[in-house]
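K.L.:
Below you will find the structure I want to go over with you.
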């Protein structure tokens, strides 16, 4: 975070039309946009901001005190920061003004960067309610949302429709893809015997996920589902 300056072309950054509050008390510059918000919410929820705002300032001008001396978030995208503030200043307390997987990821990314842990349960609700299963799995794995990951893996494993190429690409992690493929194979094999219906799907999914991640996806290596039918005895030890 650095003090602000003019843009490369000599022009000044513009004020965000929504997140520049007259009664705000800290100004940020993100790319070519100024945001003037309330430091209370940031320092309340983030130890990073709490430490930054508590630093002694002495007699020098305080960074973030004006448009001419904003706190420059150099590694942050303006769109991500806007989505984060949309969540923080939500007008809809149910959706938190966040719906798409991309919006959810912006909030998750910045909350992880700034160590805001109490946002995760709320964003998890939005993610679960509005995002396709493959996106839920990818984001839950990327940001360590274990409950969402388990629920989404169970849902996509029990689903009748085949996995699409886009879904496989979206899930990204070979370990997670191996777990989903294995669970779907279990479901297919056990359909006639009703065995899958007698076993708690979450328990089965947790065991498969644990096995896949603990063994670095030994079940699929070069070919994604090369041993999808084989590992039941292996999985049962977990």
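K.L.:
Taking residue 38, is it surrounded by 12 or more Cβ atoms within 10 Å (Cβ to Cβ), touching a strand residue (DSSP E or B) at 6+ places or on another chain (Cβ under 9 Å) and at pLDDT below 95?
P.N.:
No.
K.L.:
Name the single residue, out of those in segment 158-176 being in a helix (DSSP H, G or I) and at pLDDT 90 or above, that is surrounded by the most Cβ atoms within 10 Å (Cβ to Cβ).
P.N.:
Going through segment 158-176, the residues in a helix (DSSP H, G or I) turn out to be 158, 165-171, 174-176.
Within this subset, residues satisfying the condition of being at pLDDT 90 or above are 165-171.
On the way: 165: 7, 166: 10, 167: 19, 168: 14, 169: 11, 170: 18, 171: 24.
Residue satisfying both the conditions and the ranking: 171.
K.L.:
Could you check segment 122-146 and list, in sequence order, the residues that are surrounded by fewer than 20 Cβ atoms within 10 Å (Cβ to Cβ), in a helix (DSSP H, G or I) and within 11 Å of the chain's Cα centre (by Cα)?
P.N.:
Of everything in segment 122-146, just one residue is surrounded by fewer than 20 Cβ atoms within 10 Å (Cβ to Cβ), in a helix (DSSP H, G or I) and within 11 Å of the chain's Cα centre (by Cα), namely 142.
K.L.:
Could I ask something else about it? With the requirement that a residue be surrounded by fewer than 17 Cβ atoms within 10 Å (Cβ to Cβ), in contact with a strand residue (DSSP E or B) (Cβ under 8 Å, 6 or more places away or on another chain) and under 23 Å from residue 99 (Cβ atoms), what does segment 41-77 give you?
P.N.:
Of everything in segment 41-77, just one residue is surrounded by fewer than 17 Cβ atoms within 10 Å (Cβ to Cβ), in contact with a strand residue (DSSP E or B) (Cβ under 8 Å, 6 or more places away or on another chain) and under 23 Å from residue 99 (Cβ atoms), namely 77.
K.L.:
So which of 28, 84 ends up being crowded, with 19+ Cβ neighbours inside 10 Å, modelled with pLDDT of 95 or more and either part of a strand (DSSP E or B) or in contact with a strand residue (DSSP E or B) (Cβ under 9 Å, 6 or more places away or on another chain) (or both)?
P.N.:
28
K.L.:
Condition test on residue 98, is it touching a helix residue (DSSP H, G or I) at 6+ places or on another chain (Cβ under 6 Å) and either in contact (Cβ under 8 Å) with a residue 60 or more places away in the chain or more than 30 Å from residue 204 (Cβ to Cβ) (or both)?
P.N.:
yes
The values are calculated or read from the model by the stated rules, or taken from the named source; none is laboratory data. In this text the structure is predicted, and so the values were computed from the model without any measurement. Positions of Cβ are generated from backbone atoms using ideal geometry, with glycine treated the same way; all protein chains shown enter the neighbour counts.
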